[in-house]
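The values are calculated or read from the model by the stated rules, or taken from the named source; none is laboratory data. Bear in mind the structure is a predicted one, so any value in this text is a computation, not a measurement. So basically every Cβ, Gly included, is an ideal-geometry build from the backbone, and we count neighbours across all protein chains shown. Heads up: the accessible areas ignore ligands, DNA and RNA and are worked out on the full protein's heavy atoms, side chains in. Shrake-Rupley method; radii C 1.70, N 1.55, O 1.52, S 1.80 Å.
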Amino acid sequence: MSRTFSGQDRPALQKIIEGMVESGFTGVSLRVQDETGHWEGSAGLRELGESAKPPTDGHVRIGSNTKTFTAAVVLRLVAEGAIGLDAPAADCLPALGLDRRITVRMLLQHTSGVFNFTGEYYEDGTFAPGIPATTAGREWVDNRFRTYRPEDLVQLALSKPARFEPGTDWSYSNTNYVLLRLLVEQVTGTSLAEETERLVLGPLGLTNTSMPDTDADIEEPYPHAYYRYEDDAGRQTTVDVTRQNPSWISTGGDMISTPRDLHTFISALTGGKLLPAPLLAEMCKPHAKAGYGLGVFVQDTGEDGGKVITHNGGMAGHAALMYSTPGGAKTLTAALNYVDDAGMSMAPAFQQATQALVQEVFAGSGRR
């Protein structure tokens, strides 16, 4: 039976999340599950201008962790024989005019070369914009309740030059996962949300996880998400963007969940409860360039050859962390709220914080 420990029992963890708040995050809620039970803690604020801490198991938009859920659905459909992992994606999506060399595996692993509809960053420092995403400042704020059809996001991406020939390189692209959404819906005749409920959420009892599609609301309790932009007078303005229409990111990052549900999901996935062993092995086989498998990153912990299976995500003032050892015995999940901006100014603090947490929980888990 798992036990809940207070912050005094895991002072190093509490110190790290308090340091995250000092570095600029509005609030952090952390859950760690290991051989001693589970620990939950929070720091910072649920809402700017108020004094309450974030709920320890609050709902947040989990950003690119959505990709891991989608990958699990696709691979379960592969296991059912409905989808071929190395089949051309164009076979299931004939109307889109996809390059026939692009396989389902390439979409899952970001090796398709398809343009990223939220914009492409190139090695020379240039940026090719896509839709007005959170890199667009005021324009994104003004359009945050607009509805985007997934087909329109894909068509925009396919109207741009491919980043590279299919299968010859690796580059993270939200378009890959919107294509997977359309592929699942074409093959099954039902929505991705329904298939996710049938294949993942229902079997695992994840009642606090959802795919909102175009719904702007988020279920209580939740920490508030914020976005800062420069107004017409040149002043920095911060707005609450907790409510927004997430169709602008679609399956690239639209899901909502909680630290507890994320723990249940990643521990079940890595523990072999969702996928047959051969498909789980394929999922966790990393690409040499970025350590990305099929919907997950495979990351070294830096000690004794240890590894964690992970995906993190940020989504306009909300973020989520999700880490597990192979086998699912030890997990770290978290919900974060912060003030986002076009320059992604919280990115360095995000990187430093995740490194500190992984070091403490996975490389230094014997320390208490």
Next on the checklist: Explain nothing, just the number: relative contact order of the chain, from Cα pairs under 8 Å at least 6 residues apart, as a whole percent.
Outcome noted: 25
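Restricting things to Cα coordinates, could you compute the convex hull volume per residue of the chain in Å³?
Values: hull volume 49.6 nm³, N = 368.
Normalising the Cα hull of the chain by residue number yields 135 Å³.
What dipole magnitude, in Debye to the nearest 20, does the range 184-243 give about its Cα centre under +1 on Lys/Arg Cβ and -1 on Asp/Glu Cβ?
Numbers: 4 positive and 13 negative charges, 41 e Å.
So the magnitude is around 200 debye.
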Checklist entry - R0 = 30 Å: FRET efficiency of A349 with T207, Cβ-based, nearest 0.05? => result 0.40
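Using Cα pairs under 8 angstrom and six or more residues apart, how large is the relative contact order of the range 94-224, in percent? Please list the in-between numbers first.
Values: 125 pairs, mean separation 38.9, N = 131.
That works out to 30 percent.
Students often get this wrong, so check it: of K273/K330; K307/K330; K67/K330, which have C-alpha atoms separated by over 19 Å? Please report the intermediate quantities before stating the final value.
Values: K273/K330 15 Å; K307/K330 11 Å; K67/K330 21 Å.
The answer is K67/K330.
Over all directions, average the projected area of the Cα convex hull of the range 20-146 and note it in nm². It would help to have the intermediate numbers written out before the result.
Details: hull surface 53.0 nm².
Spelled out: convex hull of the Cα atoms, projected over all directions, averaged, 13.3 nm².
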Checklist entry - So what are the radius of gyration and Dmax for the Cα set of the range 249-311, in Å? => result 12.8, 39
Item to check | Integer Hz, Karplus 6.51/-1.76/1.60 couplings in order for the range 219-230, x for Gly and Pro | outcome: 6, 5, x, 7, x, 7, 9, 9, 9, 10, 8, 9
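Do the sum for the chain: with -39,500 (n - 2.57) for every DSSP H run of n ≥ 4, divided by all residues, what is the mean residue ellipticity at 222 nm, to the nearest 500 deg cm²/dmol?
Working: 10 runs with 99 residues, N = 368.
-8000 deg cm²/dmol, from helical runs alone.
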Next on the checklist: Under a crude label model (7 Å from the Cα following the beta-carbon direction), how far is R100 from K160 in nanometres?
Outcome noted: 2.7
Next on the checklist: Within 12 Å, Cβ to Cβ, of E230, how many net charges do the neighbouring residues add up to if Lys/Arg are +1 and Asp/Glu are -1?
Outcome noted: -1
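Would you mind getting the accessible area per residue of the range 276-368, heavy atoms of the protein chains only, 1.4 Å probe, in Å²?
Working: 3530 Å² over 93 residues.
For the range 276-368, the per-residue accessible area is 38 Å².
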Checklist entry - How big is the charge dipole of the chain about its Cα centre, in debye rounded to the nearest 20, if each Lys and Arg gets +1 on its Cβ and each Asp and Glu gets -1 on its Cβ? => result 660
Item to check | Under 20 Å from the Cα of K15 - aspartates and glutamates, other chains or at least 8 residues apart | outcome: D34, E40, D57, E360
Next on the checklist: At 18 angstrom or more along the helix axis (alpha-carbon based) and mean Kyte-Doolittle of 0.0 or higher, what helices does the chain contain? Whole DSSP H runs only.
Outcome noted: 65-80, 174-188
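Heavy atoms only, probe 1.4 Å: what % of the accessible area of the chain goes to carbon and sulfur, would you let me know?
Summing carbon and sulfur atoms, their accessible area is 49 percent of the total for the chain.
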